[in-house]
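Let me begin by presenting the structure, written as structure tokens, before commenting on it.
Read-outs: derived from the displayed coordinates by stated rules, not from any lab. Every value quoted in this text rests on a predicted model; they were computed, and no experiment measured them. With ideal geometry, Cβ positions are generated from the backbone for all residues, glycine too; neighbour counts draw on all protein chains shown.
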Amino acid sequence: MSQPIDHLAAEEARHFAPTPEFAANAVAGPDLYDAAAADREGFWADQSRELLTWATPFTNVLDWSNPPFAKWFDDGELNVAYNCLDRHVEAGHGDRVAFHFEGEPGDTRTITYADLTEEVKRLANVLTEWGIVRGDRVAIYMPMIPEAITAILAVARLGAAHSVVFGGFSADSLRSRIDDAGAKLVITADGGYRKGRATALKPAVDQALADRGSGEQATVERVLVVRRTGQDVEWNDERDVWWEDVVPQASAEHTAEAFPAENPLFILYTSGTTGNPKGILHTSGGYLTQAAFTHKNIFDLHPETDVYWCTADIGWITGHSYAVYGPLANGATQVLYEGTPEHPEPGRWWDIIEKYRVSIFYTAPTAVRSFMKQGREIPQKRDLSSLRLLGSVGEPINPEAWMWFREVIGAGLTPIVDTWWQTETGAIMISALPGITTLKPGSAQVPQPGISIDVVDDKGESVGNDAGGLLVVTEPWPSMLRGIWGDPERFVDTYWKMFADKGFYFAGDGARRDADGDIWLLGRVDDVMNVSGHRLSTAEIESALVAHEATAEAAVVGASDEMTGEAVVAFVILKESFLKAHGAEGLAEQLRLWVGQQIGPIARPRDVFIVSELPKTRSGKIMRRLLRDVAEGREVGDTQTLADTMVMSTIAKQVK
Ligand code: 6R9
């Protein structure tokens, strides 16, 4: 088979060139592409020198002598926290706001770069006293509060590695991550606020550290606890310490030591489709270079005037690279919000944008589609005129969701950057540059300057324009993962074996290039459906469904079928306004025919089920594997990573 994925959808005809005003003031110009094309490694070296402050300048750029184990800038030394904090204060920007914090109950704090630097220094002194040194691992299990940012940066400042575990994960998940990384310390809170309630975190930490069977070694010596909600907690006097009892008292003097560029910065666990979560390892100099570069250029950051808000939780890679490291390295002013978009009512995010005059807003398609479902009246009641750039990450954004985002949230004017990347890539790899690229709704568009991407067939041969295939990265990049913690073999097997002879990184995503060479993501290769020998992508059929006026969100899967091998089965959520006006009568059949008209009879779903929910991971990605179980009438598989475990029984009922 030469073409691993068929491409059926019609070309997107809507194109949006940057306005002359935007282009004239844009941070990134076409010279970036020229420089990177002329000398890729030299380009990254220049960017790194320009964007970061190195204590010991590097002379080596890339060491690729032992692929796939890369080293970037490896004879240089820097301190990552110094780059995010002290140097901005030294440059006279201490009074600039680093974070406008908004708690879910409505409490607020304004934290300047000077404040944050001081707080990180205090915590670094506490951790030093406790014996945390370069190379140690520290687990962070916290709500989205300023202390979480402080914790991340204090650990980085000491040259230790953090492992942030999303606060919504269970005690079991926390335990396996603490153990795999061999963490010495856990930083947590009594709890946090979500959906109008105080949720608990400390009990999960207690449980994760308790009841160890024989032979199990607990590596954790101390637990540092922020008092956020004031709820009662169990206390272990030998192990647990309140933040407020030690951090405010600690000295605010602390000199950042420089560490080698390849010093581990963090481990972040990501669950693949099979097996245990993988501890993705990122290091310092290359990671920070690409995080800062992409943040500045893709989000067109003007640090003196912009207010930037990335809605991702710090428990995900997007939170690491675009709510902590990239923006802070660039001296940006950010919004940090603790809670959910629906509390106390569905307009909370828009209230926050209005209140802080947010100018750059980075979120996920799942959020956009849930706003589409609720209706445009909610955002239209707020003043969103401060917005000048929107971003999307996490899944393909369907063209209709893209249009809605631009029209309803972006006043029909703002550019949208659809950014493709992964935990493993560390930073954005494919995206428009907003002052240069003519935007196409639904396409992630172009590799970033200095990034080499291709779409290939199973043999690793380029499929060329206007064809579908597998997305690969063909050259090492600065923020690439350096491995899987403790498992080099799995690192090689998972990402590099598929195209070993070519030395390509296999991302696991399907993609196609259109006639102009722009890249469209087609979904995970594991989710591709084989219907009568045609290999269909999830993204194209889902986008066709979302293009119908009734649909807010859709997921399709392949279910085994006697006639066709596999058949397309669709699960659709309707817009509330449509339901009210028309009801769902006859709609399933209409949607079947609609897909047939939009992209051809081969893609027409065998079944369309109207449902009220879709199964999603906690970071908002649709879990099609579980829908496949429903579609094939099987018992639903492992639902541990679901945000809401009740969803599957709701869907099962609606399908019957
Ligand atoms: C950053 C992040 C990575 C996977 C990736 C792909 C999907 C992310 C996307 C996108 C289409 C985009 N993905 N961004 N698909 N368009 N703009 O999400 O990291 O959680 O590791 O997920 O997410 O399938 O391979 P991570």
Using a 7 Å offset from the Cα along the Cα-to-Cβ direction at both GLN231 and LEU413, what is the distance between the two label points in nm, to one decimal? 4.4
On full extension of the chain, what length is gained from THR438 through ASP638, given 0.36 nm per residue of separation minus the C-alpha to C-alpha distance? 67.8 nm
Quick one: which residues, 5 or more positions from ASP75 or on another chain, have an amide H under 5 Å from its amide H? H modelled 1.01 Å from N in the peptide plane, none for Pro or chain starts. THR59, ASN60
What number results when the radius of gyration of the range 63-173, computed over Cα atoms, is divided by 2.2 N^0.38 Å? 1.25
For a bin width of 10 Å, list the pair-distance distribution of the range 368-407 built from all Cα-Cα distances, rounded to whole %. 25, 58, 17
In degrees rounded to 10, the 0-90 angle between helix 40-51 Cα long axis and the longest Cα principal axis of the chain is 50
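Which of the peptides 449-460, 582-593 is most tightly packed, and how do the rest follow, judged by the mean count of other Cβ atoms within 10 Å per residue?
On the way: 449-460: 20.2, 582-593: 13.7.
Ranking, from highest mean packing down: 449-460, 582-593.
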Radius of gyration and Dmax for the range 466-564's Cα atoms, expressed in Å? 16.7, 49
The simple spin-label model distance between THR108 and ALA652, using points 7 Å out along Cα→Cβ, in nm, is 4.6
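Under Stokes-Einstein, with the Kirkwood radius over Cα pairs standing in for Rh, what whole-number D in µm²/s applies to the range 260-324 at 37 °C and 0.692 mPa s?
Numbers: Rh = 13.4 Å.
Taking Rh from Cα pairs, D becomes 245 µm²/s.
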Within the range 87-110, the residues whose backbone N lies under 16 Å from a label point placed 7 Å from the Cα of GLU304 along the Cα-to-Cβ direction are 91-97
Per its Cα gyration tensor (rounded if a/c is under 1.5, else prolate when a/b beats b/c, else oblate), the range 578-647 is best filed as prolate
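Percent of alpha carbon pairs in the chain separated by more than 37 Å? Don't jump to the answer; show the numbers that get you there.
On the way: 73335 of 214840 pairs.
I get 34 percent for the Cα pairs in the chain exceeding 37 Å.
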Note, the range 286-293: 3J(HN,Hα) by Karplus (6.51, -1.76, 1.60, θ = phi - 60°), whole Hz, Gly/Pro = x, goes x, 4, 5, 4, 6, 4, 5, 4
Does anyone have the angle between helix 587-599 and the longest principal axis of the chain? Alpha-carbon axes, 0 to 90°, nearest 10? 90
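Averaging over every viewing direction, what projected area does the convex hull of the Cα atoms of the range 1-56 cover, in nm²?
Working: hull surface 33.4 nm².
Mean orientational projected area (the range 1-56, Cα hull): 8.4 nm².
Kirkwood hydrodynamic radius (Cα pairs, Å) of the range 414-493?
Values: mean 1/r = 0.0700 Å⁻¹.
Evaluated on the range 414-493, it is 14.3 Å.
Set the bar at 28 Å for Cα to Cα. Now go through LYS278/LYS502; LYS296/LYS440; LYS184/LYS616; LYS373/LYS621; LYS278/LYS497 and name every pair that lies beyond it.
Working: LYS278/LYS502 24 Å; LYS296/LYS440 21 Å; LYS184/LYS616 32 Å; LYS373/LYS621 17 Å; LYS278/LYS497 17 Å.
Beyond 28 Å between Cα atoms: LYS184/LYS616.
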Once the cut-off is 19 Å, how many percent of the Cα-Cα pairs in the range 72-128 end up in the long-distance tail? 43
Rg and Dmax of the range 1-97, using alpha carbons, in Å: what are they? 20.4, 60
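Could you order the peptides 560-567, 541-548, 438-445, 509-516 from most to least packed, using the average number of other C-beta atoms within 10 Å per residue?
Values: 560-567: 14.5, 541-548: 24.6, 438-445: 22.4, 509-516: 20.9.
Result, highest mean Cβ count within 10 Å first: 541-548, 438-445, 509-516, 560-567.
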Whose amide H sits under 5 Å from the amide H of ASP240, counting only residues 5 or more places off or on another chain, with H placed in the peptide plane? VAL223
In terms of the alpha carbon gyration tensor, root eigenvalues a ≥ b ≥ c, rounded if a/c is under 1.5 and otherwise prolate when a/b exceeds b/c or oblate, the range 414-460 is prolate
Under the Karplus relation 6.51 cos²θ - 1.76 cosθ + 1.60, θ = phi - 60°, what is the ordered set of whole-Hz ³J(HN,Hα) values for the range 198-203, x standing for Gly and Pro? 7, 9, 9, 10, 4, x
In whole Å, largest first, what are the principal axis extents of the Cα atoms in the range 307-366? 33, 23, 19
Could you give me the ³J(HN,Hα) list for the range 405-419, computed from phi with Karplus coefficients 6.51, -1.76, 1.60 and θ = phi - 60°, whole Hz, x at Gly and Pro? 4, 5, 6, 7, 8, x, 6, x, 10, 6, x, 10, 9, 9, 10
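At 0.36 nm per residue, and after removing the present C-alpha to C-alpha distance, how many nm does the segment from ARG49 to ASP75 gain when stretched out fully?
On the way: separation 26, 0.36 × 26 = 9.36 nm, distance 1.35 nm.
Length difference between fully extended and current span is 8.0 nm.
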Give me the tail of P(r) for the range 450-522 as a percent: Cα-Cα pairs with distance above 14 Å. 60
